[in-house]
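Trainee: I'd like to ask you about the structure that follows.
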Amino acid sequence: MSPPPPVAMLAELTHRCPLACPYCSNPLDLLKKDAELDTETWAIAFRQAAEMGVLQVHLSGGEPASRPDLVELTQAAHDAGLYTNLITSGIGLTPRRLDALEAAGLDHVQLSMQGTTAELADWIGGYKGGFARKLMVAEELKQRGIPLTLNAVMHRHNLDDLDRTIEMAVELGARRMEVACVQFHGWATQNRGMLLPTREQTETTKRKVAEAAERLKGVMAFDFVPPDYYADYPKACMGGWGSAGLNIAPDGTVLPCHSAQMIPHLTFEKITDKPLAEIWYDSPSFNAYRGDDWMPDTCRSCERKEIDFGGCRCQALMIAGDAAKMDPVCRKSPDHARVAQMLEDAMAAPQDGFTYRR
Ligand code: FES
């Protein structure tokens, strides 16, 4: 049976970024500026995406504002009929640029937040002055009435500050807040020992997010991404492989998820090689983990297979050594003990500083 068309597309416009976040989920080998797609090729990709049924595009990176043609790209996505969401650290956005983005049809901004004080946020992001710039961008967005989601990336060194983070999101006029506990992909794996929260922090966070969501009904909505190493069952990564969304890397490689290139036996095609629809429906990489034929018996017969779709293929590769194995986060996985061991190691790890992405 043919899969439904994707709903969303993540356009990774660039891997360049002024921040040096220790939890960066981008691949270890970043693409350089000269490998990036040009404006017109992105415009073609947006049109093809809209034609096949994509409704929203997330303009992301790296830092998408590092692209001098960000306004033209936003305009192209808007002209294609896509809902445009800019995922940004705020660095590189000036009031003038925001005026131009608004005029180009920018629909929504997702602003990342590393901490609630300059000292904490700039330490985590590895960029002095970043916090002040974010506050300026949030204020400018509020004045323009551009809907804002505050993306609070949470981990062991800022979770105790969650109450203030929530307060701040309300003050900044966010309509939505994503409390996103760090997931371990790409560079983040190098900082697992510093970033993994304690079990107590995780439980407190769950409770606080639920309480705040109730208290702030009608003011601000919440999305919560828990640290899945503490979960009993895996997350529905990407809403299922090749099911709801796709990513395009800065060089035009079309991917089922942002980490997929780590799976060594899969090859991926570029938007410059083939139409997007052909890649989505027919490419062996997108078909590799669709449906349940690929699943181990335990997953195929599991009552949760339509809930988590077998979890995360990249995590299965990273922890269990094979992308077709059960996601080791699942308590039924024969490799679940490895996750428990990783948690134990992380709790014993010295809290002596991040390895920044520079
Ligand atoms: Fe690749 Fe989850 S990150 S499937």
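Trainee: Take P68 and tell me if it is within 20 Å of G130 (Cα to Cα), at pLDDT 95 or above and part of a loop (DSSP other than H, G, I, E, B).
Mentor: Spelling it out, P68 is indeed within 20 Å of G130 (Cα to Cα), at pLDDT 95 or above and part of a loop (DSSP other than H, G, I, E, B).
Trainee: Mind checking which residues of region 300-317 are in contact (Cβ under 8 Å) with a residue 60 or more places away in the chain and assigned to a helix (DSSP H, G or I)?
Mentor: Across region 300-317, the qualifying residues are I307, D308, R313, C314, Q315.
Trainee: So how many residues does region 50-75 have that are in contact (Cβ under 8 Å) with a residue 12 or more places away in the chain and more than 21 Å from E278 (Cβ to Cβ)?
Mentor: The number of residues fulfilling the criteria is 18.
Trainee: Checking Q315 against (1) surrounded by fewer than 19 Cβ atoms within 10 Å (Cβ to Cβ); (2) within 15 Å of the ligand (Cβ to nearest atom), only one condition comes out false. Which one?
Mentor: (1)
Trainee: If F222 meets every condition in (1) within 11 Å of the ligand (Cβ to nearest atom); (2) of a type in the set (A, V, I, L, M, F, W, C); (3) in contact with a strand residue (DSSP E or B) (Cβ under 6 Å, 6 or more places away or on another chain); (4) farther than 30 Å from T39 by Cα apart from one, which number is that one?
Mentor: (1)
Trainee: Given the conditions (1) within 14 Å of the ligand (Cβ to nearest atom); (2) surrounded by 20 or more Cβ atoms within 10 Å (Cβ to Cβ); (3) not aromatic (F, W, Y), report the number of the one that P197 does not fulfil.
Mentor: (1)
Trainee: Within the group V329, V254, which residue is in contact with a strand residue (DSSP E or B) (Cβ under 6 Å, 6 or more places away or on another chain), at pLDDT 95 or above and buried (at least 20 other Cβ atoms within 10 Å of the Cβ)?
Mentor: Working: V329 fails: in contact with a strand residue (DSSP E or B) (Cβ under 6 Å, 6 or more places away or on another chain).
Testing whether each residue is in contact with a strand residue (DSSP E or B) (Cβ under 6 Å, 6 or more places away or on another chain), at pLDDT 95 or above and buried (at least 20 other Cβ atoms within 10 Å of the Cβ) leaves just V254.
Trainee: While we're looking at this one, here's another question. Taking region 332-358, which residues are away from the ligand (no atom under 16 Å from the Cβ), surrounded by 14 or more Cβ atoms within 10 Å (Cβ to Cβ) and among the hydroxyl-bearing types (S, T, Y)?
Mentor: Result: Y356, single match.
Trainee: Which one is surrounded by the fewest Cβ atoms within 10 Å (Cβ to Cβ) among residues in region 257-281 that are of a type in the set (G, A, S) and under 16 Å from the mean Cα position of the chain (by Cα)? Don't jump to the end; show me each part of the working.
Mentor: So in region 257-281, the residues of a type in the set (G, A, S) come out as 259-260, 277.
Pick out the ones that are also under 16 Å from the mean Cα position of the chain (by Cα) and you get 259-260.
On the way: S259: 22, A260: 27.
Top of the filtered list is S259.
Trainee: In region 182-193, how many residues are crowded, with 20+ Cβ neighbours inside 10 Å and away from the ligand (no atom under 15 Å from the Cβ)? First the steps, then the outcome.
Mentor: First pass over region 182-193, keeping only residues crowded, with 20+ Cβ neighbours inside 10 Å: 182-188, 191.
Still in the running and away from the ligand (no atom under 15 Å from the Cβ): 191.
Final tally of qualifying residues: 1.
Trainee: Right, next: Just give me the residues in region 278-312 being under 15 Å from A260 (Cβ atoms), away from the ligand (no atom under 11 Å from the Cβ) and aliphatic (A, V, I, L, M), in sequence order.
Mentor: Hit for region 278-312 is I279, nothing else.
Trainee: Ok, one more. Check K208 against each of (1) out of contact with any strand residue (DSSP E or B) (no Cβ under 6 Å at 6 or more places or on another chain); (2) assigned to a loop (DSSP other than H, G, I, E, B); (3) more than 16 Å from the ligand (Cβ to nearest atom) and name the one condition it does not meet.
Mentor: Of everything listed in (1) out of contact with any strand residue (DSSP E or B) (no Cβ under 6 Å at 6 or more places or on another chain); (2) assigned to a loop (DSSP other than H, G, I, E, B); (3) more than 16 Å from the ligand (Cβ to nearest atom), K208 misses just condition (2).
Trainee: Is it the case that some residue within region 257-268 is in contact with an Asp or Glu (Cβ under 9 Å, 6 or more places away or on another chain), modelled with pLDDT of 95 or more and more than 14 Å from the ligand (Cβ to nearest atom)?
Mentor: Scanning region 257-268, I find no residue that is in contact with an Asp or Glu (Cβ under 9 Å, 6 or more places away or on another chain), modelled with pLDDT of 95 or more and more than 14 Å from the ligand (Cβ to nearest atom), so the answer is no.
Trainee: Of the residues that make up region 147-154, is at least one touching a residue at least 40 places away in the same chain (Cβ under 8 Å) and over 21 Å from the mean Cα position of the chain (by Cα)?
Mentor: The answer is no; no qualifying residue exists.
Trainee: Ok, one more. Of these, D223, D228, which one is farther than 17 Å from C312 by Cβ and under 16 Å from the mean Cα position of the chain (by Cα)?
Mentor: Every option except D223 fails the conditions.
The values are calculated or read from the model by the stated rules, or taken from the named source; none is laboratory data. On a predicted model such as this, the values are computed, not experimentally measured, just so you know. FYI the Cβ positions are ideal-geometry reconstructions off the backbone, even for glycines, and counts take in every protein chain you see.
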